[in-house]
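Have a look at the structure below before the remarks.
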Amino acid sequence: MAPSALEKLKARHAVRAAIRAYFDGQGFVEVEPPTLVTAPGMEPHITAVELQVDHGNGPQRRWLHTSPEFAMKKLLSQGVPRLYSACRVFRAGEHGPHHRVEFTMVEWYRAHQTYDALMTDCESFISAAAHALHGTTTVGPLDLSPPYERLTLAQAFERYAGVDLLKYLQPLDGRGLQQAARAAGVDVVAAPEHEDALDVFERAFYEIMLARVEPAIGLHKPTFLYEWPAPLAALSRISPSDARVAERVELYAGGLELGNGFGELTDATEQAARFSAEQARRARLGKPVYPVDESFLAALRTMPPATGMAVGLDRVLLLCSGQRDFGDVLVEL
């Protein structure tokens with residue numbers, strides 16, 4: 001029998017309470033970032049919900065935030081060393097068993113700490129959430145008790161696809177990665193001759209991820225994949241020990257991608273260059289091109305070294321409930 005609305009709400013309350021208790025116990029400050037923003041995130045494969053807003057001086061373009069990242073980093077730059085939020089975010093065109101246009105994101109930042117701390121945070125609050133629901137950290141075939149598996153992307157590609165990922169990063173060789181994928185038996189889409197090198201690389205990378213890596217990880221213990229290719233750094237910094245990779249980590253469990261974290265880029269000049277490249281890429285891909293948040297770039301100039309991560313609360317609820325579809329855990333009115 002499907003859970004009732006009351007049962008779903010009680011389960012959600014238990015998970016939220018466990019997550020809040022963890023961060024409060026770690027000395028974090030809970031913040032409420034603005035939902036309506038003048039510039040959304042630039043990620044090429046995320047589309048923001050656009051609105052026309054009149055503040056008394058005529059309609060102006062605004063967006064519902066896709067993440068509270070920019071606002072929370074501004075708070076880091078103002079001297080808030082540990083902060084978290086559990087807020088609604090919006091991404092256009094997303095719907096399915098594990099997607100909604102509107103969903104809840106738990107996002108947090110730690111000043112002056114490495115991104116290993118983010119992995120420990122995830123282990124702690126996810127296991128606490130499972131225990132709050134079931135009195136145990138075992139959910140079906142999954143053991144959600146710490147520690148979780150940790151693999152670099154290079155290790156995962158070698159183990160599950162037989163592909164030497166680092167070989168194709170300096171210089172960037174997307175077509176070489178495509179050939180390696182085919183040799184490993186992965187069905188990849190042929191790239192047009194004129195296609196940009198990054199587009200070719202990214203598509204081949206994710207085809208290998210979807211075909212070989214993601215189906216093999218997080219089946220019995222959640223798995224962190226870290227040290228992502230530098231061309232896919234997003235807002236993370238390049239590793240000081242290996243320029244081929246970035247300080248980016250993602251968490252997978254039970255067939256779900258749960259979260260995405262960074263050792264944060266604090267170089268405003270480099271970030272501005274990345275924004276410019278992402279604007280050009282969005283235009284090339286036929287996506288809406290968003291303005292740059294200049295106040296965010298200004299904040300980076302005084303932001304301390306930091307790490308941050310975002311985890312989908314709805315997906316944590318799905319994981320800890322042992323369900324397979326958002327419809328089984330969300331009360332949708």
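Could you work out the Rg to Rh ratio of the stretch 86-239, with Rh taken as the Kirkwood radius (inverse of the mean 1/r over all Cα pairs)? A ratio of 1.00. Relative to one another, the C-alpha centroids of the stretch 216-274 and the stretch 115-188 are positioned 11 Å apart. Only one residue of Phe28, Met42, Ala277 has its Cα farthest out toward the positive end of the dipole of the chain, where Lys and Arg carry +1 and Asp and Glu -1 on Cβ, and that residue is Phe28.
Subtracting the Cα-Cα distance of Leu6 and Gln60 from their residue separation scaled by 0.36 nm leaves 15.4 nm. In this label model, Ser241 and Asp196 are separated by 3.2 nm, measuring between points 7 Å along each Cα→Cβ vector. Based on C-alpha pairs under 8 angstrom that are at least 6 apart in sequence, the chain has a relative contact order of 22 percent.
Taking R0 as 35 Å, what FRET efficiency do you get between Ala216 and Arg88 from their Cβ-Cβ distance, rounded to the nearest 0.05? Write down the numbers at each step before the final one.
Details: r = 33 Å, r/R0 = 0.94.
FRET efficiency, Ala216 to Arg88: 0.60.
Expressed as a rounded percentage, what relative contact order does the stretch 1-115 have, with Cα pairs under 8 Å and six or more residues apart?
Details: 152 pairs, mean separation 26.4, N = 115.
Relative CO of the stretch 1-115 lands at 23 percent.
So the label point goes 7 Å from the Cα of His134 along Cα→C-beta, right? Which residues of the stretch 318-333 then have their backbone N under 14 Å from it? The answer is 318-324, whose backbone nitrogens lie closer than 14 Å to the label point.
In this simple spin-label model, placing a label point 7 Å from the Cα along the Cα-to-Cβ direction at both Arg159 and His112 gives a separation of 3.5 nm.
Taken over the stretch 1-55, the alpha-carbon convex hull comes to 206 cubic angstrom per residue.
Counting residues in the chain as N, plug N into 2.2 N^0.38 Å and put the Cα Rg over that result.
On the way: Rg = 20.0 Å, N = 333, 2.2 N^0.38 = 20.0 Å.
It is 1.00.
Of the residues Leu172, Ala190, Pro81, the one whose Cα sits farthest towards the positive end of the charge dipole of the chain is Pro81 (charges of +1 on Lys and Arg Cβ, -1 on Asp and Glu Cβ, taken about the Cα centre). About its Cα centre, the dipole of the stretch 204-296 is roughly 320 debye, where the only charges are +1 on Lys and Arg Cβ and -1 on Asp and Glu Cβ. Grouping the Cα pair distances of the stretch 176-333 into 5 Å bins from zero gives a pair-distance distribution of 2, 8, 12, 15, 18, 17, 14, 10, 4, 0 percent in increasing distance order. Binning the alpha carbon pair distances of the stretch 74-130 at 10 angstrom intervals from zero yields the distribution 18, 37, 35, 10, expressed in whole percent.
Shown here: the stretch 115-170, whose C-alpha atoms stretch 47, 26, 12 Å along the first, second and third principal axes, sorted largest to smallest.
Note the full-extension length gain between Ser295 and Asp187 as 0.36 nm times their separation in residues minus their Cα-Cα distance, in nm to one decimal. Each step should come with its number before you reach the end.
Working: separation 108, 0.36 × 108 = 38.88 nm, distance 4.36 nm.
Length gained, Ser295 through Asp187: 34.5 nm.
Of interest is the spacing of the C-alpha centroids, which for the stretch 289-316 and the stretch 79-95 amounts to 10 Å. Debye-formula intensities of the stretch 22-148, expressed as log10 I(q)/I(0) at q = 0.12, 0.14, 0.17, 0.19 Å⁻¹, are -0.60, -0.79, -1.05, -1.18 (one equal scatterer per alpha-carbon, no solvent).
If you plug the beta carbon distance of Val53 and Leu172 into 1/(1 + (r/R0)^6) with R0 = 30 Å, you get a FRET efficiency near 0.15. If the segment from Ala277 to His13 were pulled out straight at 0.36 nm per residue, it would be longer than the present Cα-Cα gap by 90.9 nm. The simple spin-label model puts a point 7 Å past each Cα toward its Cβ; for Arg284 and Leu36 those points are separated by 3.5 nm.
Explain nothing, just the number: dipole magnitude of the chain about its Cα centre with +1 on each Lys and Arg Cβ and -1 on each Asp and Glu Cβ, in debye rounded to the nearest 20. So the magnitude is around 320 debye. Computed over the stretch 140-227, relative contact order equals 47 percent, with contacts defined as Cα pairs under 8 Å that lie 6+ residues apart.
Every read-out reported here was derived from the displayed coordinates using simple, explicitly stated rules and does not represent laboratory data. This one's a predicted model, so the numbers in the text were calculated from it and none came from an experiment. Don't worry about glycine lacking a Cβ; one is built from the backbone with ideal geometry, like all the others, and counts go over all protein chains shown.
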